[in-house]
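Asks: Below: one structure in C-alpha cells.
The values are calculated or read from the model by the stated rules, or taken from the named source; none is laboratory data. Values in this document were obtained by computation on a predicted structure and should not be read as measured data. Neighbour counts run over all protein chains shown; Cβ positions are idealised from the backbone, glycine included. Side chains are part of the model used for accessible areas, which takes the heavy atoms of the whole protein and leaves out ligands, DNA and RNA. Shrake-Rupley method; radii C 1.70, N 1.55, O 1.52, S 1.80 Å.
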There are 2 protein chains.
Amino acid sequence: MSLTEIPGGAGAALRLRAGQAVRLINTHGSQVVDTWCLSAADTTEYVSVEHTRRMLFRLFPGEGDTLFSNRRTALLLLEQDTSGCLHDTLFACCDHWLYEFYGCAPEHANCRDNFIGALARCGIAPTQVPNPINFWMNVPVLPGHRLALHAPVSKPGDWLVLRALKDVVVIFSACPMDITPVNGEDRTPKPVAYEIID
Amino acid sequence: MSLTEIPGGAGAALRLRAGQAVRLINTHGSQVVDTWCLSAADTTEYVSVEHTRRMLFRLFPGEGDTLFSNRRTALLLLEQDTSGCLHDTLFACCDHWLYEFYGCAPEHANCRDNFIGALARCGIAPTQVPNPINFWMNVPVLPGHRLALHAPVSKPGDWLVLRALKDVVVIFSACPMDITPVNGEDRTPKPVAYEIID
C-alpha cells in the first residue's frame, strides 16, 4: 500500500484486521504522534496506558511490548521501533482547555478534537478520550519525580510498526502543539505518514 | 461529624460541597485507598491523573497540590498529608480481569466494582472508570523506568485531607488486593475511615 500523509496538526483513523499492521513514519523526526487504539468489536475497549504499565511494570513501552486494553486484553504489539527513545504515556493529549490556558484562540487545533473528528469520519462516537500513547514525545522523569517537556530526540525517517492482535481502529494525531518545544524547538507541527502492511 | 469506617476491600462514595473537605485515615497504615472524584454538576468531568501530571509537571501529587479534571478545572486540593510518601497515579485500579489473570475466583472483590457499586448507591451510572489516585500505594520508579509494587511505607494513623474546590462526589475503595504486597506484606486488606469536615 502507498503512504498516506497526515498533515502537521491533523488526525487520521484507520482500521486494521487482526494480524495486519501499520507503519508510522516520523518524516521530519520532530513530530509527536498521539496514538489511540479501540477494539473494533466494542469501541468502549481501548488501549489503556494505565493497564499497560501495570502489565509491563514499565513506565514507557518499547519495541516488542504488548499494549493492553482496559480489560487487560492484548490489542496491539509495538513490533518495531527504530528510534529507541521514550514514548510518553504520562500526559493527557492537548485539548481546547489547554490552549485556552495558554491564551490561544478558541479554534486552535488540538489532539482531542482530532481524535473525536477522525472517529466521527469512521462513524464512531467515542464515549471517552483515553490517555494516548504519545509516540516520540520526550517527557523525561527528573530528580524528585519532576517531569518536563523536551524536544524529541527521534531522527528524520524514524518509524515504528504497530501490529493488530484483534480487529482494531487506530487513531493518530500529529500533535498541533506550537507553544511548548514538544514538536521541536521550532515549535512547528510537521506532517507524518503511514502505510498499512500485511 | 463522626468517623465512618470502610471495611477492608470495600468502597464508599460521599458528596462534598465546594469548600467542604474529607479527612481519610489509614487506620492500620498499610491500606491503599483508590480514590476518584467526579464533578457533581456533570459526572463525565473527573479528576484526571494524566491532566494533573501535565499541570503539576510532577509524577505524583503531594501535600498542597491541586488535582485537575479532564477539562483542566481544579476540582480538589490535597490540603494535608501526614505520610509524605508516594501516592501512585500510574497503575489502573484492580478489576475482575486482573484477578482472573491471577487465577482467582470470579467473585473476588475489586476496586473497579467498588467504584461502580458505590456510585450506583448514589444514583450515578458512570460512563467510564478513570485512572484513580492510589493513596499510600508504593510504586517506585526503578532504574530503566521499571516499576514495582512494594508494601506501603505509611504508618498507622496517617491521614490526609481532600478539600473540594467545586461540588464533587468522592469515591474511595480500600483496595481488596491480597495477591501482591500492595496492602502490606501480610496481604490482608484492612479498614480505613473518613470524616467530612467543614
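Asks: At a 1.4 Å probe, which residues in the stretch B:81-95 are at least 10 Å² less accessible with all protein chains present than in their chain isolated?
Replies: B:Leu86, B:Leu90, B:Phe91, B:Ala92, B:Asp95
Asks: Kindly rank A:23-34, B:114-125 from highest to lowest mean number of other beta carbons found within 10 Å of each residue. Spell out each step's value before the answer.
Replies: Values: A:23-34: 23.5, B:114-125: 15.8.
Ranking, from highest mean packing down: A:23-34, B:114-125.
Asks: Let me ask something else about it. Across the residues of A:49-58, average count of Cβ atoms on other protein chains within 10 Å?
Replies: 6
Asks: Applying the Karplus parametrisation 6.51 cos²θ - 1.76 cosθ + 1.60 with θ = phi - 60° to the phi angles of the stretch B:64-75, what ³J(HN,Hα) value in whole Hz is obtained for each residue in order, glycine and proline being reported as x?
Replies: x, 7, 7, 10, 9, 8, 5, 10, 6, 9, 6, 9
Asks: Cα gyration tensor of the protein assembly as shown, axes a ≥ b ≥ c as square roots of the eigenvalues: rounded (a/c below 1.5), prolate (a/b > b/c) or oblate?
Replies: On the way: a/c = 1.80, a/b = 1.58, b/c = 1.14.
Judged from the Cα gyration tensor, the protein assembly as shown comes out prolate (a/c at least 1.5, a/b above b/c).
Asks: Can you pull out the buried accessible area for chains B and A, both sides counted, probe 1.4 Å, rounded to the nearest 100 Å²?
Replies: On the way: alone 8720 and 8720 Å², together 14350 Å².
For chain B against chain A, roughly 3100 Å² becomes buried.
Asks: Take the Cβ-Cβ distance between B:Val153 and B:Ala105 as r, set R0 to 30 Å, and report the resulting FRET efficiency rounded to the nearest 0.05. Walk me through the numbers before you get to the answer.
Replies: Working: r = 31 Å, r/R0 = 1.02.
The formula returns an efficiency of 0.45 here.
Asks: While we're on this one: Considering amide H positions built from the backbone, and no H for Pro or chain starts, which residues 5 or more places from A:Leu76, or on another chain, come under 5 Å of its amide H?
Replies: Residues meeting the criterion, in which the H sits 1.01 Å from N, are A:Leu67, A:Leu165.
Asks: Which translational diffusion coefficient, to the nearest whole µm²/s, is obtained for the stretch A:94-198 from the Stokes-Einstein equation, given a Kirkwood hydrodynamic radius over C-alpha pairs, 37 °C and 0.692 mPa s?
Replies: Values: Rh = 15.8 Å.
Using the Kirkwood radius from Cα pairs, D works out to 208 µm²/s.
Asks: Can I ask one more? A drop of at least 40 square angstrom in accessible area, chain alone versus all protein chains together, probe 1.4 Å. Which residues of the stretch A:113-131 meet that?
Replies: A:Gln128
Asks: For the stretch B:4-197, rounded, prolate or oblate, judged on the Cα gyration tensor with a ≥ b ≥ c (square roots of eigenvalues), a/c < 1.5 rounded, else prolate if a/b > b/c?
Replies: Values: a/c = 1.35, a/b = 1.20, b/c = 1.13.
It comes out rounded by the Cα gyration axes.
Asks: Which value, in Å², gives the accessible area per residue of the stretch A:4-197 when a 1.4 Å probe is used on the protein heavy atoms? Don't jump to the answer; show the numbers that get you there.
Replies: On the way: 6720 Å² over 194 residues.
Ligands and nucleic acids excluded, the result is 35 Å² per residue.
Asks: Around A:Glu45, which amide H atoms from residues at least 5 apart in sequence, or from another chain, sit under 5 Å from its own amide H, with H modelled in the peptide plane?
Replies: For A:Glu45, whose amide H was placed from the backbone, the distant partners under 5 Å are A:Ser39.
Asks: I'd like the accessible area for A:Lys155, computed on protein heavy atoms only with a 1.4 Å probe and all protein chains in place. Round to 10 Å², please.
Replies: Accessible area of A:Lys155: about 100 Å².
Asks: Give the carbon-plus-sulfur fraction of the accessible surface of the protein assembly as shown in %, rounded to a whole number; probe 1.4 Å, heavy atoms of protein chains only.
Replies: Values: 7670 of 14350 Å².
With neighbouring chains kept in place, the figure for the protein assembly as shown is 53 percent.
Asks: Suppose each label sits 7 Å from its Cα in the direction of the beta carbon; what would the A:Ile197-A:Leu3 distance come out to in nanometres?
Replies: Spacing of the two 7 Å Cα→Cβ label points: 1.4 nm.
Asks: Output ³J(HN,Hα) for the stretch A:100-105: one whole-Hz value per residue in order, computed from phi by the Karplus curve 6.51 cos²θ - 1.76 cosθ + 1.60 with θ = phi - 60°, and x for Gly and Pro.
Replies: 4, 4, 8, x, 7, 5
Asks: Further question on the same structure: Starting from a label point 7 Å past Cα on the Cβ side, list the distances from A:Cys122 to the same position in the other copies, nm, shortest first.
Replies: When each copy's label point is compared with this one, the spacings are 3.3 nm.
Asks: Let me ask something additional. Indicate the gyration tensor shape class of the stretch B:74-135 (rounded, prolate or oblate), computed on the Cα atoms with a ≥ b ≥ c the square roots of the eigenvalues: a/c under 1.5 is rounded; otherwise a/b larger than b/c is prolate and the rest oblate. Don't jump to the answer; show the numbers that get you there.
Replies: Details: a/c = 2.47, a/b = 1.36, b/c = 1.82.
Cα axes put the stretch B:74-135 in the oblate bin.
Asks: Which whole-Hz couplings ³J(HN,Hα) result when phi for each residue of the stretch B:83-95 is put into the Karplus expression 6.51 cos²θ - 1.76 cosθ + 1.60, θ = phi - 60°, listed in order with x for Gly and Pro?
Replies: 7, x, 8, 5, 10, 4, 10, 9, 9, 4, 5, 5, 8
Asks: Determine the distance separating the Cα centre of the stretch B:131-188 from the Cα centre of the stretch A:51-123; give it in Å without decimals.
Replies: Spelled out, the Cα-based centre of one part sits 25 Å from the other.
Asks: Follow-up question, since we're still on this one. Using the Cα centre as the reference, give the magnitude of the dipole from point charges on the C-beta atoms of the protein assembly as shown (Lys, Arg: +1; Asp, Glu: -1; all else neutral), rounded to the nearest 20 debye. Don't jump to the answer; show the numbers that get you there.
Replies: Details: 32 positive and 42 negative charges, 6 e Å.
So the magnitude is around 20 debye.
Asks: Here's something else I'd like to know. How many nanometers, to one decimal and shortest first, lie between the label point of B:Ala18 and those of its other copies, if labels sit 7 Å from Cα toward Cβ?
Replies: Spacings between copies for this position, smallest first, are 5.0 nm.
Asks: Report the relative contact order of the stretch A:85-167, percent, no decimals, based on alpha-carbon pairs under 8 angstrom and at least 6 residues apart. All intermediate terms of the calculation are to be shown ahead of the outcome.
Replies: Working: 81 pairs, mean separation 27.3, N = 83.
The value is 33 percent.
Asks: Here's a follow-up. Once the label point is set 7 Å along the Cα-to-beta-carbon vector, what list of distances in nm do you get between B:Ala105 and its counterparts in the other copies?
Replies: 6.2
Asks: Moving on to the next point. What residues qualify as long-range amide H neighbours of B:Ser83, i.e. H under 5 Å apart, gap of 5 or more or another chain, H built at 1.01 Å from N?
Replies: Those qualifying (amide H under 5 Å, at least 5 residues apart or on another chain) are B:Trp159.
Asks: Using +1 at the C-beta of Lys and Arg and -1 at the C-beta of Asp and Glu, which of A:Ile179, A:His87, A:Ser30 has the Cα lying farthest in the positive direction of the dipole of chain A?
Replies: A:His87
Asks: With contacts defined as alpha carbon pairs under 8 Å and 6 or more residues apart, what's the relative contact order of chain B in percent?
Replies: Values: 518 pairs, mean separation 87.2, N = 198.
Value for chain B: 44 percent.
Asks: Could you give the dipole magnitude of the stretch B:4-197 about its Cα centre, charging the beta-carbon of Lys and Arg +1 and that of Asp and Glu -1, in debye to the nearest 20?
Replies: Numbers: 16 positive and 20 negative charges, 103 e Å.
Rounded to the nearest 20 debye, it is 500 debye.
Asks: In addition: Test of understanding: extend the Cα→C-beta vector of B:Ala41 to 7 Å, then name every residue of the stretch B:1-31 with backbone N under 19 Å from that spot.
Replies: Taking a point 7 Å out along Cα→Cβ of B:Ala41, the residues of the stretch B:1-31 whose backbone N falls under 19 Å are B:15-21.
Asks: If I build a Gaussian network model for chain A, linking alpha-carbon pairs within less than 10 angstrom, which residue out of A:Leu38, A:Leu160, A:Leu142 has the largest mean-square fluctuation?
Replies: For chain A, modelled as a Gaussian network with Cα springs under 10 Å, the answer is A:Leu142.
Asks: Any idea how far apart B:Gln80 and A:Leu142 come out in nm if each label point goes 7 Å out from Cα toward Cβ?
Replies: 3.2 nm
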